[in-house]
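A quick write-up on the structure given underneath.
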Amino acid sequence: MYGSKVTIIEESGEWVKVAVANQPTPRNEAGYPGWMPKKQLKLGRTFEKQYNRGLALVKAPKAWLYKDSKHHSKFMQVSFDTRLPLLQVKKDKVKVMTPGDGVKWMNKKDVSIHKGESQIPYPTGEDIVQSGKEFLGLPYLWAGMSGFGFDCSGFTYSMYHANGITIPRDSSIQAQFGRKVERDNLQPGDLLFFAYDNGKGKVHHVGMYIGFGKMIHSPNTSTHVRIDEIKTSGYGEEYAGARRYID
C-alpha cells in the first residue's frame, strides 16, 4: 500500500523482498513478507516525521492525488485505507505529504481526518460491515488488499484496518486470534471461517457476518465481493467457527 512502512529482507536484481510492518503474521516478526519492484521503494524518514501533524485516511474505494490545489493535474490514484500525513485542510480539499513525491492535494470528501492513528474512532461491527459494502461487485484479486481488488483475507483485514484495528493478514491466522464466538451468538462484523474436510481441516476462506444468516466476502477468481446466505454460499458445510475482534 502506498505510504506503508516496510523492512527489506532480501534483494534480487530489480526486486526486493520486504516485510510490511502493519500486517502481522507469524511468518516474520517484522511483518507480512512479499516481493516488490525495488524502484517503488522510497527512503522516507522525513515522511514519517510528518505524521505528527495529522493523518488523512482514504475512505473512498479509490481517490486521486493531484499535483495542484485546483485539481487541474492528476498525479496518481490511491486506494482505500491509504494513510498519508496531513499538512493542511481547506473547505473541500486537503494537502498531504507523499512518501517520495512531495506535496499533493486530495478531495476532502475522499478521506477522514485524524490527529493520529490512535485517534481513529473505535468502530462498531456495523461500521466495519458498512465499509465492506462499499466494495460490492469489486472483482476478486489474488493477494489483493486494496480498492483495486481483494482476496478473502485481504478484504477482512482491510475493512478492519481502515477502521483503526489491525488483525492478522491470512485467514488461517485470523482464525486463531480475537475471541471465539458461538454460531448462535454471531454479530455483524464477526469473522467467519471455513475449512477443508467439512470444517475440520485447514482454514482456507474467511467472510464477514452481516446479520440474518448472511456474510459479505470476496470468494474466488471467478467472482467478486458479494453477499451470500451462509448456508447456501457453497461454504456452509465447511463452517469452522467465528472470531470477534471488537469489544
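Candidates in the stretch 82-132 are the residues that are surrounded by 14 or more Cβ atoms within 10 Å (Cβ to Cβ) and among the basic types (K, R); of these, the one that is nearest to K38 (Cα to Cα) is R83. When each of G147, G154 is tested for being within 19 Å of Q23 (Cα to Cα), in contact with a Phe, Trp or Tyr (Cβ under 7 Å, 6 or more places away or on another chain) and modelled with pLDDT of 95 or more, the lone residue that passes is G147.
Contact map, the stretch 83-106: residues that are in the same structural domain as N163 (by TED's automatic domain parsing) and over 20 Å from K62 (Cα atoms) paired with residues that are surrounded by fewer than 18 Cβ atoms within 10 Å (Cβ to Cβ) and at pLDDT 95 or above, Cβ distance under 6 Å, separation 6+ or inter-chain. No pairs are found.
Only one of K74, K38, K5, K67 is under 26 Å from F135 (Cα atoms) and either hydrophobic (A, V, I, L, M, F, W, C) or at pLDDT 90 or above (or both); which? The unique qualifying residue is K74.
Taking the stretch 79-123 as the region of interest, the strands (runs of 3 or more DSSP E) fully inside it that hold 1 or more residues being more than 19 Å from F148 (Cβ to Cβ) and hydroxyl-bearing (S, T, Y) are 111-114. Here Q40 passes the criteria (1) under 21 Å from Y160 (Cα atoms); (2) out of contact with any strand residue (DSSP E or B) (no Cβ under 8 Å at 6 or more places or on another chain) except the one numbered (1).
When you scan the stretch 133-247 for helices (runs of 4 or more DSSP H) that lie fully inside it, which ones turn up with 2 or more residues that are in contact with a Cys (Cβ under 7 Å, 6 or more places away or on another chain)? Give the steps one after another, and end with the answer.
Working: elements: 152-161, 171-174, 196-199.
Helices (runs of 4 or more DSSP H) meeting the threshold: none at all.
Annotation: G178 fulfils all but one of (1) touching a Lys or Arg at 6+ places or on another chain (Cβ under 6 Å); (2) over 19 Å from I216 (Cβ atoms); (3) crowded, with 16+ Cβ neighbours inside 10 Å; the unmet one is (2).
Quick grid of which residues meet (1) in contact with an Asp or Glu (Cβ under 7 Å, 6 or more places away or on another chain); (2) assigned by TED's automatic domain parsing to the domain that holds E237; (3) farther than 17 Å from E238 by Cβ:
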residue: S131; (1), (2), (3): no, yes, yes
residue: L138; (1), (2), (3): no, yes, yes
residue: A162; (1), (2), (3): yes, yes, yes
residue: I165; (1), (2), (3): no, yes, yes
residue: N198; (1), (2), (3): yes, yes, no
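Mind listing just one residue for me: the one in the stretch 34-64 that is of a type in the set (K, R) and in contact (Cβ under 8 Å) with a residue 12 or more places away in the chain and, of those, nearest to K115 (Cα to Cα)? Among those residues, the one meeting the criterion is R53.
Within the stretch 65-78, being free of Cβ contacts under 8 Å to residues at least 12 places away in the same chain and not in a loop (DSSP other than H, G, I, E, B) holds for one residue alone: K74.
Contact annotation: residue pairs with Cβ atoms under 9 Å, 6 or more positions apart or on different chains, pairing a residue in the stretch 121-136 that is touching a residue at least 12 places away in the same chain (Cβ under 8 Å) with a partner that is surrounded by fewer than 19 Cβ atoms within 10 Å (Cβ to Cβ) and assigned to a helix (DSSP H, G or I), are P121/D127.
Return the residues of the stretch 192-214 that are among the aromatic types (F, W, Y), crowded, with 23+ Cβ neighbours inside 10 Å and closer than 19 Å to T124 by Cα; say none if nothing qualifies. Within the stretch 192-214, Y209 is the sole residue that qualifies.
The values are calculated or read from the model by the stated rules, or taken from the named source; none is laboratory data. Please read these numbers as outputs of a predicted model, since none were measured by experiment. No Cβ is skipped: glycine too gets one built from the backbone with ideal geometry, and neighbour counts run over all protein chains shown.
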